[in-house]
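The values are calculated or read from the model by the stated rules, or taken from the named source; none is laboratory data. Predicted, not measured: the structure shown is a model, and the values here were computed from it. All Cβ positions, glycine included, derive from the backbone under ideal geometry; neighbour counts span all protein chains shown. What goes into the accessible areas is simple: the full protein's heavy atoms, side chains included, and nothing from ligands, DNA or RNA. Shrake-Rupley method; radii C 1.70, N 1.55, O 1.52, S 1.80 Å.
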Amino acid sequence: MKYLVKAHDAVVSGMAALAAFLMAAMMVVICLDVLLRNLGYQSSAHFFTFTEYALLIVPCLGAPWLVREKGHIYVEILHMHLGPRARRYFSTGIALACIAVCLVIAWYGFEVTATDWRQAEKDVRSMDMPRWLVVGWIPLSFLMMAIEFARFLWRREEFLAPLSEQIGGG
């Protein structure tokens, strides 16, 4: 089990690192595109296509890491007015809802990805890309997020605690 947890953590960290790399690559591509156009040259249509794909893939790759690091956004106004026991039940309910939503989206996404694979669907832009390769990041991301929310429950860890409590402040 220990090795499975380490492997999962490595995959989530690798996904986040790839997301960071793609963000930097998008910046370079966009700057290069603008520079070429301002110098009077025709830029590549692939620049725009790469950026479109990266804008889908980056959030998918980074979201599980964001959940693991408790970087998700939530409104804590109700949460902070609850007592400790009610807060624990509230957080558990939210975690269960997050797991359920993530698993439903992952399931549907896997079905779409598998259908695109079987039917050899193509996403036609400046280059032909197998559609499963474009949409396959979505179910992977949501499955990994479901696992991260489940880990909070398994460890009985408060993932909705205010930042001040998380770092030992309040």
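A few notes on this one:
- Of the residues making up segment 31-59, those that are of a type outside the set (Ser, Thr, Tyr), closer than 23 Å to Phe142 by Cβ and open to solvent by less than 40 Å² (accessible area, probe 1.4 Å) are Ala54, Ile57, Val58.
- Meets criteria (without any contact (Cβ under 8 Å) to a residue 60 or more places away in the chain and in a loop (DSSP other than H, G, I, E, B)) for Gly71: yes
- Scanning segment 31-52 for residues that are part of a helix (DSSP H, G or I) and among the small types (Gly, Ala, Ser) returns a single hit, Ala45.
- All positions within segment 1-30 that are open to solvent by 80 Å² or more (accessible area, probe 1.4 Å) and assigned to a helix (DSSP H, G or I): Lys2, Tyr3, Leu4, Lys6, Phe21, Met23, Met27, Val28, Ile30
- Within segment 26-54, residues that are free of Cβ contacts under 8 Å to residues at least 12 places away in the same chain sit with their Cβ atoms under 7 Å from residues that are assigned to a helix (DSSP H, G or I), at 6+ positions apart or across chains, in these pairs: Ser43/Asp33; Ser43/Leu36; Ser43/Arg37.
- Taken over segment 98-146, the criterion of being of a type outside the set (Asp, Glu) and touching a Phe, Trp or Tyr at 6+ places or on another chain (Cβ under 6 Å) is satisfied by Cys98, Ile99, Cys102, Ile105, Ala106, Thr113, Trp117, Trp132, Pro139.
- Here is the figure for segment 77-86: residues that are loosely packed, with under 11 Cβ neighbours inside 10 Å, modelled with pLDDT of 75 or more and not charged (D, E, K, R) total 3.
- Of the candidates Tyr74, Tyr89, Tyr53, the single residue that is closer than 24 Å to Met15 by Cα, hydroxyl-bearing (Ser, Thr, Tyr) and at pLDDT below 90 is Tyr74.
- Looking only at residues in segment 104-142 that are without any contact (Cβ under 8 Å) to a residue 24 or more places away in the chain and of a type in the set (Lys, Arg), the one that is surrounded by the most Cβ atoms within 10 Å (Cβ to Cβ) is Arg131.
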